[in-house]
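Written below as structure tokens is the structure these notes are about.
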Amino acid sequence: MGVAVDALYTRLSGSGDKNSAVDVAIANNNQIRGDTMKTIAARQMQSFCSEPENRRRFGFPLIRPLQLFAGSLAALLCMPLFAQESGHLNRTIETLESGKPVFGLFTSDLSLTNARALAGSDLDFIFIDMEHSPFDTETLRAFLLGMTDKARILEKGSVQMDVTPIVRIPMYGREKLQFLVKQVLDVGAFGIVFPFIGTREQAVNAVASMRYPSQRGDAAPDPRGLRGASPGLATWYWGAADYMQRADVWPLDPAGDLLAVLQIESVEGVENIEDIAAVPGVGAIFIGPFDLSISYGVIGQADHPDLMAGMKRVLAACKANNIPCGLTTNAATVEGYLEEGYTFSTIGYWNDAGISSAPGEALDIARRVSGR
């Protein structure tokens, strides 16, 4: 032990406070072990870099970065298995809480290459589409892992992801297939997009399917949670020992890290929007203009008065309930939609190779106009 620690241990032992003395000894031992691991890792990397054979094989341009990487590697090895984070792990929620709009992208390409490209982008979130693409949770799990950026975790000192993965499931509001929600959340998604929500009852079911059953003393027990508990994978993926406490819907639970995103894509949804938007736990509402135009019987007529009036009604209900509202935009429309008050929009659709030029241009415009 160091001198100060040794003195504290001796004082506690002499006073009869054996439990505290043991705690001090254990903490000191853990610190020594951590320091030792860092030293060993750094020395081994330095030794590797100093070997002439390794220099000949890999060359100096590689050796120098490896030497610099030694400290970071040691730090990563000594990080706790599960982080004790303060604040939100869902950066999209964190940004919305600060009063700023957020921007995302639809994708159905679940390749590791696309996962890496999107994770390193300037987006706030992605909608992983499994409504019009195969519903395959094993592929989804691999994609989510592919979005993990270890270098960024080390840089930030936090397991919070820069780009939030949110999954659109194939279940329509009227179907109430709650097991789909459970499976997607259990592999670590930070939110669910529910297509074709048409009534208050469907909205309540959507929110309830994302929540664990309430516990005694919970401040917001309703809508009562219906999700079964098997948090192992999600706890590991989030890197949060308190996953079950964090895995609640925001803003109903101010500390929650899950987003319930309801899509309004039918005349029924528009007619019931005031009731839908009033459901506690709705995190955002996303309009589907094309499906909505079909429901109105004016397919593809983006400027039809009935469609435009319906969209304005949805936006007004969102504003009245302080719910972020969004839709798909592009470089030509994003500025106007931001001025109208849409704060949860995508800047592209079906873009399956990272961010190409058109969505990239829209994102640049969106960030400039919103001051981000």
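The values are calculated or read from the model by the stated rules, or taken from the named source; none is laboratory data. Quantities reported herein were computed from a predicted structural model and do not represent experimental measurements. As a convention, Cβ positions derive from the backbone with ideal geometry for all residues, glycine included, and neighbour counts pool all protein chains shown.
Values for this structure:
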{"item": "Set 201, 138: member being surrounded by fewer than 17 Cβ atoms within 10 Å (Cβ to Cβ), assigned by TED's automatic domain parsing to the domain that holds residue 256, more than 20 Å from the chain's Cα centre (by Cα) and free of Cβ contacts under 8 Å to residues at least 24 places away in the same chain", "result": "201"}
{"item": "Number of the exception - residue 181 against (1) over 16 Å from residue 281 (Cβ atoms); (2) touching a Ser or Thr at 6+ places or on another chain (Cβ under 7 Å); (3) assigned to a helix (DSSP H, G or I)", "result": "(1)"}
{"item": "Residue 105 vs. criteria under 21 Å from residue 185 (Cα atoms) and touching a Leu at 6+ places or on another chain (Cβ under 6 Å)", "result": "yes"}
{"item": "Candidates 323, 355, filtered to the one that is among the hydrophobic types (A, V, I, L, M, F, W, C), at pLDDT 95 or above, in the same structural domain as residue 99 (by TED's automatic domain parsing) and part of a loop (DSSP other than H, G, I, E, B)", "result": "323"}
{"item": "Criterion (at pLDDT 95 or above, of a type outside the set (Phe, Trp, Tyr) and out of contact with any Gly (no Cβ under 7 Å at 6 or more places or on another chain)) met by exactly one of 177, 145, 154", "result": "145"}
{"item": "Residue count, the stretch 100-130 (criterion: in a loop (DSSP other than H, G, I, E, B) and surrounded by fewer than 20 Cβ atoms within 10 Å (Cβ to Cβ))", "result": "7"}
{"item": "Residue in the stretch 223-233 that is without any contact (Cβ under 8 Å) to a residue 60 or more places away in the chain, within 27 Å of residue 163 (Cα to Cα) and aliphatic (A, V, I, L, M) present", "result": "yes"}
{"item": "Residues satisfying the stated conditions in the stretch 244-276, i.e. under 13 Å from the mean Cα position of the chain (by Cα) and either surrounded by fewer than 21 Cβ atoms within 10 Å (Cβ to Cβ) or part of a helix (DSSP H, G or I) (or both)", "result": "246"}
{"item": "Conditions (1) in contact with a Gly (Cβ under 7 Å, 6 or more places away or on another chain); (2) on the phi < 0 side of the Ramachandran plot; number of the one not met by residue 172", "result": "(1)"}
{"item": "Extreme residue, farthest from the chain's Cα centre (by Cα), among residues of the stretch 290-318 that are surrounded by fewer than 13 Cβ atoms within 10 Å (Cβ to Cβ) and in a helix (DSSP H, G or I)", "result": "305"}
{"item": "Evaluation of residue 218 against (1) in contact with a helix residue (DSSP H, G or I) (Cβ under 9 Å, 6 or more places away or on another chain); (2) under 21 Å from residue 178 (Cβ atoms); (3) without any contact (Cβ under 8 Å) to a residue 24 or more places away in the chain (one fails), failing number", "result": "(1)"}
